[in-house]
Amino acid sequence: MPIVKFVKEKKEIEVPVGANLRNEAIKAGVNLNQGVNGIGAGVNRIVNCMGKGLCGTCRVLITEGIENTNKQTLSEWVRFKTVLLTDPIPTFAYVGHEDEMRLACCTIVQGDITVESGPEMNLFGENFFS
């Protein structure tokens, strides 16, 4: 069974192959709905799209094992590639992490992965204005 390591929470969980990352994190008591740079994590734990890929608050950075997940879904493409005036945060967090950023609710675990929950957005990074 694959092992999912949550870096910030210092937690490892064993999940079945084909498990949804968001659902398994909830079972393990890990809050992936972090808000903006950790601000709003308490509210977003309750106020979110419940795993439908709409809100973008469950964005995670897969630091190791991205090949052990499914391909990016249409919901993820829309959340990361389009700037919505109501919630540009997922798009800004995506800049510079185009190959590793995922929504936990859309991620299927197929092997060992290492996850950073609530990756910070960096508006001043070298890739932002390019």
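Since every read-out is calculated from the coordinates, none of them should be taken as a lab result. Just so you know, these numbers come straight off a predicted model, no measurement behind them. Positions of Cβ are generated from backbone atoms using ideal geometry, with glycine treated the same way; all protein chains shown enter the neighbour counts.
Taking the alpha-carbon distance from LYS10 and a cut-off under 18 Å, which aspartates and glutamates remain once sequence neighbours fewer than 8 residues away in the same chain are dropped?
GLU24, GLU64, ASP112, GLU116, GLU120
For each pair in LYS27/LYS52; LYS11/LYS71; LYS27/LYS81, compute the distance between the two Cα atoms and list the pairs where it is over 21 Å.
LYS11/LYS71; LYS27/LYS81
Applying a 10 Å radius around every beta-carbon, put 20-27, 53-60 in order of their mean neighbour count, most first. Could you put the intermediate results ahead of the total?
Numbers: 20-27: 18.8, 53-60: 23.1.
Highest mean packing first, the order is 53-60, 20-27.
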